[in-house]
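Since the structure comes first, as structure tokens, the remarks are kept for the end.
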Amino acid sequence: MSNALYLDCHAGIAGDMLLSALVDIGANPQEIENELKKLPIDTFSLHFNKVMKQGIQATSLKIDFEESHHHRKASDIYNIIDNSTLNDRVKTRSKAIFNVIAHAEAKIHGMSVGEVHFHEVGAMDSIIDIIGGCIALELLDIDTLYCSPIPTGNGRIKIAHGIYPIPAPATAEILKGIPLAQFNVSSELTTPTGAAFAKSLVTSFGTFPANTMKNIGYGAGTKDFDFPNVLRVIQFEVLDQQNEADQVQVIECQIDDMTAEMLGDLMENTLNQKVLDIFYTPIIMKKQRPATQLTVICKPDDKSTIEDFILTHTSTLGVRSYTVNRRILSRQYHDIETPYGNVSVKLAYKNDELIKAKPEFDQIKEIAKKYNQNIQTIYQQITKCMVEQLNL
């Protein structure tokens, strides 16, 4: 089982709303502040308070610090994170969020990522929101994040470069590829920081998955509307993602005018395009033509990318796709000792019960080649070691 969090962004998402919601659901605010104060940043203090938002009690955040108007480069922030004593997953998540924002800013302003100077996002409050949010996720031991479609609001907003339509340029760039929700509100509902959290850390977008809710928290926005301006977060447990039922996309096409060499190269390159599996099937097409059916299995979110790749790199004029359900065993890897050194073994579980175990075949091939031995003999010896050490 792993801990998961659903971000219900009915009123949008901002960094302070998420951090407040995580405190509301149980993250210790003093521990968050203590971790943040390990960083070489300006002196600050965090104040979390309960507020009412149209009948909903939520947690709000106020940050006290002396505004220095210091604009930091992306590299400065990465160095702050890398040189800190923060947890490794906190570092990875924090850098991923800043990286999304840096690439958006670089594209908008026509510069390299290294030249990007953060303005609003580089300010102290946003640094605290992002790194503090990742610390809070770690305190809650959140492994996976899910998210609803995100509303942006409309109208205009004043940013460092002038007055721009909502969503602000950075927010719009970050939200590319993310499903948006229609909500006709003349105000900014989603900030670049909030959008970057979703872009960087969320596994999938949609309605709340069929599951049992454990805890619910509310993070308050700073503005007041005629609706609750809150971000709702819902904590729940999921089976290991490798052991739960989920859905995958199957993409197919028929090819009758590419050589075997071309098809081999295609498979090698397509495997780098986030596919879960790929295979060829010999078929007979109309007019009795021998042909090949290409089948690719991928995650639903990667459907468009894979389809574009196939249409670009094969001779086909079209592809078909459909969604199928699947169920797979959870997988772990364990090293065993053998006369040839350590060998990795793949373990497959069903509801915490070990169902299958198999040594990694690529390592067996390397050993057989290194010692000039019959591969079947090596396989049997390593399998015997596996059975003995794992009590199979």
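The values are calculated or read from the model by the stated rules, or taken from the named source; none is laboratory data. The structure presented is a predicted model; accordingly, all values stated were derived computationally and were not measured. Positions of Cβ are generated from backbone atoms using ideal geometry, with glycine treated the same way; all protein chains shown enter the neighbour counts. Please note that ligands, DNA and RNA were not included when accessible areas were found on the heavy atoms of the full protein model with its side chains. Shrake-Rupley method; radii C 1.70, N 1.55, O 1.52, S 1.80 Å.
Brief remarks follow.
- Accessible surface computed residue by residue for region 257-300, with neighbouring protein chains in place and a 1.4 Å probe, gives 68 Å² per residue.
- In region 320-383, a dipole from Cβ-located charges (positive for Lys and Arg, negative for Asp and Glu) runs towards its positive end, and of 325, 380, 361 it is 325 whose Cα lies farthest in that direction.
- Helical mean residue ellipticity (222 nm; -39500 (n - 2.57) per DSSP H run of 4+; nearest 500) of the chain: -10500 deg cm²/dmol
- Helix 260-270 and the longest principal axis of the C-alpha atoms of the chain enclose an angle of approximately 30°.
- Taking a ≥ b ≥ c as the square roots of the eigenvalues of the alpha carbon gyration tensor, region 204-337 is prolate, as a/c is not under 1.5 and a/b beats b/c.
- Prolate/oblate/rounded call for region 87-201, Cα gyration tensor, a/c under 1.5 rounded: oblate
- Taking all protein chains as shown and a probe of 1.4 angstrom, residue 78 keeps an accessible surface of around 40 Å².
- Gaussian network model of the chain, Cα within-10 Å springs - most flexible of 76, 64, 308: 308
- For region 313-361, the square roots of the Cα gyration tensor eigenvalues, ordered a ≥ b ≥ c, give a/c of at least 1.5 with a/b no greater than b/c, which places it in the oblate category.
- Simple Cβ-charge dipole of the chain, Lys/Arg +1 and Asp/Glu -1, about Cα centre, in debye nearest 20: 880 debye
- Axis angle, to the nearest 10 degrees, between helix 361-371 and the longest C-alpha principal axis of the chain: 60 degrees.
- Compared with the rule-of-thumb size 2.2 N^0.38 Å for a compact globular protein, region 169-231 has a Cα radius of gyration ratio of 1.26.
- Here the Gaussian network model covers the chain, with springs between Cα atoms less than 10 Å apart; of 363, 332, 235, 363 fluctuates the most.
- Tail weight of P(r) past 15 Å, computed on alpha-carbon pairs of region 140-190, percent: 52 percent
- Computed about the Cα centre, the dipole magnitude for region 2-156 is approximately 300 debye when only Lys and Arg (+1) and Asp and Glu (-1) carry charge, each at its Cβ.
- Accessible-area ranking of 385, 147, largest first, probe 1.4 Å: 385, 147
- Solvent-accessible surface of region 33-174, taken per residue with a 1.4 Å probe and all protein chains present: 46 Å².
- Accessible carbon and sulfur surface of region 273-316 relative to its total accessible area, %, 1.4 Å: 51 percent
- Spread over its residues, the convex hull of the C-alpha atoms of region 291-392 is 178 Å³ per residue.
- Flagged links, alpha-carbon separation over 23 Å, of 50/214; 62/176; 38/91; 176/214; 107/158; 37/95: 62/176; 176/214
- Per atom type, region 172-215 shows carbon and sulfur on 51% of its accessible surface, probed at 1.4 Å.
- Protein heavy-atom surface of region 1-149, 1.4 angstrom probe: 48% of the accessible area is carbon and sulfur, with nucleic acids and ligands not counted.
- The structure shown yields percent of Cα pairs over 31 Å apart, and of the options [x] 52; [y] 46; [z] 38 that calculated value carries the label [x].
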